[in-house]
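The block underneath contains the structure these notes are about, expressed in structure tokens.
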Amino acid sequence: MLEIKNLHVKLEDEGREILKGLSLTVPAGEVHAIMGPNGSGKSTLAYVLAGRDGYEVTGGDILWKGESIIDMEPDERAAKGVFLAFQYPMEIPGVAGLTFLRTALNSVRKKRGEAELTTPAFLKLVKEKGQKLNIDIEMLKRPVNVGFSGGEKKRSEILQMALLEPTLCVLDETDSGLDIDALRIVSEGVNALRDKDRAFVVITHYQRLLNYIVPDKVHVLADGRIQKTGGKELALELEKSGYAEYTHKAA
Amino acid sequence: MNVAVMKTKAEQAIAENFEAVAEKLPGSAAVKARRSQAIGAFSGLGLPHRRIEEWKYTDLRVNVKDVLPSAINDATPLTIAELLVALGPLAHVDAHRVVFVNGHYRADLGDFSDAAGAMIAPLGELLSGASEDVIAPMISTPEGGDAVETLNTAFMTDGAVVTIEGGASLAKPLLLVFVRAGTQAQSVAVRNFLSVGEKASAEIIEAHVVLPGSTHDAQLNALTEVAVGKGATLRHAKVAADEGKALHLSNWDVTLAADATYRSFQFSAGLGLARNNQNIIFEGEGGKIDLSGAYLARHAEHIDTTLVVDHAVPRCESRELFKGVLDGRGRGVFQGKIIVRPDAQKTDGKQMSQALMLSEDAEFDSKPELEIYADDVVCGHGTTSAQLDPDLLFYCRSRGIPENEARALMIESFIGEAIDKVENEQLRDALTAYTMQWLGRSPRG
């Protein structure tokens with residue numbers, strides 16, 4: 001279970017407060033969508049969960065499985081099962097996809113007290129997980145994400161997620177830049193990972209993604225706080241009425 | 001310009017050194033005369049310093065304080081097992097080996113008897129028997145030329161003289177190994193002559209390595225003269241992997257006949273002060289060169305790559321890619337001069353030099369120089385210096401990769417782009433292994 005308690009976060013550089021007392025609970029096995037207008041703090045929430053530099057937690061706490069993670073390094077969090085699917089996945093020239101995946105997987109396995117995978121076992125696993133996402137080995141011999149289309153990059157994110165087997169999956173605007181076909185493949189990939197032991201935080205601006213990844217709960221984030229929580233029908237409501245009500249309230 | 005300057009302590013020591021060893025240096029009377037001329041020329045030149053434009057960033061007058069004793073008639077024992085230890089990752093490169101220890105040829109350690117198409121002889125023996133007419137074309141004494149090359153002529157003890165027969169294609173690379181061994185502080189000068197006959201094809205690797213536990217007080221002056229014949233191809237590499245203190249002065253003087261291809265790669269790590277000079281002259285049309293290299297410097301190490309590419313004739317192509325990783329107070333210098341002579345139309349030249357700076361105190365000096373006197377040419381150059389991208393590091397770390405591993409991965413990928421220029425896979429693997437060693441990491445399985 002993910003518990004975010006009265007979280008206050010400011011940008012280290014500007015000193016501006018972005019999250020202003022955000023509280024949220026996501027039980028294992030559930031998918032919670034975070035929706036909100038631009039600038040409401042959605043991406044900040046994603047980055048703070050993953051442990052990116054540049055954000056200062058000035059109050060509150062984030063507990064994952066009962067343990068505070070706010071002082072953990074990003075790689076420690078990954079080993080604890082936290083995974084962030086980036087809105088804009090990075091390109092890494094000069095590092096082959098397979099090398100990257102294997103280094104990541106074995107790092108995480110090592111920290112989790114599991115044996116490192118042999119090359120044949122690793123390749124077999126990648127082939128199997130990649131098949132469902134339309135990613136073949138040839139594509140992974142190329143440098144990570146270099147020259148990939150928007151859809152390919154998002155599929156490659158989901159492949160990383162499938163390989164690392166996280167228990168807390170944070171998806172940051174995964175639908176941005178995707179056409180309908182890519183959206184379907186990516187969503188199927190995510191849905192295949194839904195599991196009673198796994199929690200999902202799906203951050204999105206649009207309701208569209210939630211037709212494919214159907215959430216258990218929808219939260220409206222505006223002005224650094226959860227303003228409203230409801231079922232999946234809340235997303236449809238927002239699609240109709242927009243965020244004006246919440247931004248107004250915030251102002 | 002001829003400015004009379006007081007001789008430095010080092011310059012005086014070089015002159016005294018020569019007096020002390022002149023009689024013991026190998027060579028016939030003709031060779032001895034050349035050596036005397038050379039030391040005379042050096043006396044006029046002195047050690048290169050920052051007021052000489054080509055040495056602006058690498059001032060030997062300031063940096064070379066002491067002159068170490070010349071290793072003459074050295075017979076330091078070295079076993080095959082020790083040779084393999086010194087070779088490190090290069091031991092896995094399948095090659096014919098020609099071995100020198102402390103600047104002296106060692107027949108017992110070599111393995112090239114079945115190198116069909118190649119004639120290989122140690123320079124030391126040739127010098128002893130040579131008459132003036134044999135040696136004259138081989139050893140020129142530049143008047144007012146390069147001081148380091150002049151010193152090489154004065155002090156050279158040995159080296160490989162390699163002739164690849166016309167039309168021959170060597171099945172395996174030739175590995176010229178220069179090992180430093182023993183605890184005696186030493187100054188060594190070696191010279192190689194590589195000649196690749198018409199339409200021949202060969203790969204020659206120069207390795208400058210150290211037997212662990214040997215002295216760190218070492219000064220090397222290595223000059224390789226290369227002639228690539230008409231339509232011939234030479235893949236030429238140099239690997240200098242040391243332990244952080246040595247002085248390494250290297251010159252490659254290369255000429256290309258028509259339609260010749262020359263690909264070179266220079267790898268430097270752990271050198272206290274290194275100057276890697278490459279002078280390339282296109283003598284016939286249709287020549288192609290691809291020069292690349294990678295260097296790693298930390299602490300107060302200083303690695304200088306200086307290229308002069310002379311497009312003296314039309315329709316030649318030149319490519320350069322050099323990448324350096326600089327940590328601590330490490331300093332990288334890149335000077336890349338491309339001259340396109342008035343007649344050298346249809347010249348195609350591209351140059352790139354990049355440095356990755358890992359610390360606040362690292363320094364990178366990059367000076368591309370294009371001198372273009374022809375009007376129908378395509379020439380470009382670029383230079384970049386950058387730090388590790390924090391966003392990329394975060395991306396790696398969010399996938400569970402620890403920070404030091406993520407940094408190593410980024411550095412490897414940066415250097416890897418240069419190493420990928422090497423066609424020989426075993427050599428590529430060895431260079432990657434050296435890079436991993438430098439990063440203090442075990443090889444990736």
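A short reminder: the numbers here are calculations on the coordinates, not readings from a lab. Quantities reported herein were computed from a predicted structural model and do not represent experimental measurements. We place every Cβ from the backbone using ideal geometry, glycine too, and count neighbours over all the protein chains shown.
Comparing B:Cys396, B:Cys316, B:Cys379 in a Gaussian network model of chain B (Cα springs below 10 Å), the most mobile by mean-square fluctuation is B:Cys396. Going by neighbour counts of Cβ atoms within 10 Å, the residues A:Asp197, B:Asp391 line up, fewest first, as A:Asp197, B:Asp391. Amide H contacts of B:Ser264 (H built 1.01 Å from N, in plane; Pro and chain starts excluded): B:His236, B:Asp290, B:Leu291, B:Ser292 sit under 5 Å, all sequence-distant by 5 or more or on other chains. Using a 10 Å cut-off on Cβ to Cβ distances, tally the other chain neighbours for every residue of B:385-398 and report the average as a whole number. Average per residue, whole number: 6.
Exceeding 28 Å between C-alpha atoms, which entries from my cross-link table qualify? They are A:Lys80/A:Lys129; A:Lys129/A:Lys196; B:Lys346/B:Lys367.
In this structure, not one pair exceeds 28 Å between Cα atoms.
What whole number of Å gives the distance from the Cα centroid of segment B:42-102 to the Cα centroid of segment B:337-353? Computed from Cα coordinates, the inter-centre distance equals 31 Å. Taking 29 Å as the cut-off for C-alpha to C-alpha distance, list the pairs among B:Lys172/B:Lys421; B:Lys7/B:Lys323; B:Lys24/B:Lys65; B:Lys199/B:Lys323; A:Lys65/A:Lys110; A:Lys65/A:Lys228 that go past it. Violating the 29 Å Cα-Cα cut-off are B:Lys7/B:Lys323; B:Lys199/B:Lys323. Taking all Cα pairs closer than 8 Å and separated by 6 or more residues, the relative contact order of segment B:197-310 comes to 25 percent. The A:Ser149 and A:Asp195 beta-carbon pair, evaluated with R₀ = 25 Å, returns a calculated FRET efficiency of approximately 0.30. Remark: relative contact order (chain B) = 10 percent; criterion is Cα-Cα distance under 8 angstrom and separation of 6 or more residues.
Considering the dipole of the protein assembly as shown built from charges on the beta carbon (Lys and Arg +1, Asp and Glu -1) around the Cα centre, which of B:Ala257, B:Val177, B:Leu427 is farthest to its positive end? It is B:Leu427, whose Cα lies furthest towards the positive end. Thinking of segment A:1-147 as a set of Cα atoms, what percent of all their pairs are more than 23 Å apart? Here the tail beyond 23 Å accounts for 47 percent of pairs. To the nearest Å, what is the center-to-center distance of segment B:181-228 and segment B:425-439, using C-alpha atoms only? What the calculation gives is 19 Å, centre to centre. Across segment B:402-416, computed HN-Hα scalar couplings (Karplus, 6.51 cos²θ - 1.76 cosθ + 1.60, θ = phi - 60°) run x, 4, 5, 5, 5, 4, 4, 4, 5, 5, 4, 5, 5, 5, x Hz from first to last residue, x flagging Gly and Pro.
At 222 nm, what helix-only mean residue ellipticity would the protein assembly as shown give, in deg cm²/dmol to the nearest 500, using -39500 (n - 2.57) for each DSSP H run of four or more?
Values: 20 runs with 200 residues, N = 696.
Mean residue ellipticity, 222 nm, calculated: -8500 deg cm²/dmol.
Taken along its three principal axes, the alpha carbon spread of segment B:272-407 comes to 56, 33, 18 Å, from the longest extent down to the shortest.
In summary, the aspartates and glutamates within cross-link reach of A:Lys153, defined as a Cα separation below 18 angstrom excluding same-chain residues under 8 places away, comprise A:Glu91, A:Asp136, A:Glu138, A:Asp172, A:Glu173, A:Asp175, A:Asp179, A:Asp181, A:Glu188, B:Asp391. Computed 3J(HN,Hα) for segment B:259-266, one whole-Hz value per residue from the Karplus formula 6.51 cos²θ - 1.76 cosθ + 1.60 where θ = phi - 60°, is 6, 7, 10, 9, 10, 10, 9, 10, glycine and proline marked x.
Can you check what the Kirkwood hydrodynamic radius comes to for the protein assembly as shown, Cα pairs only, in Å to one decimal?
28.6 Å
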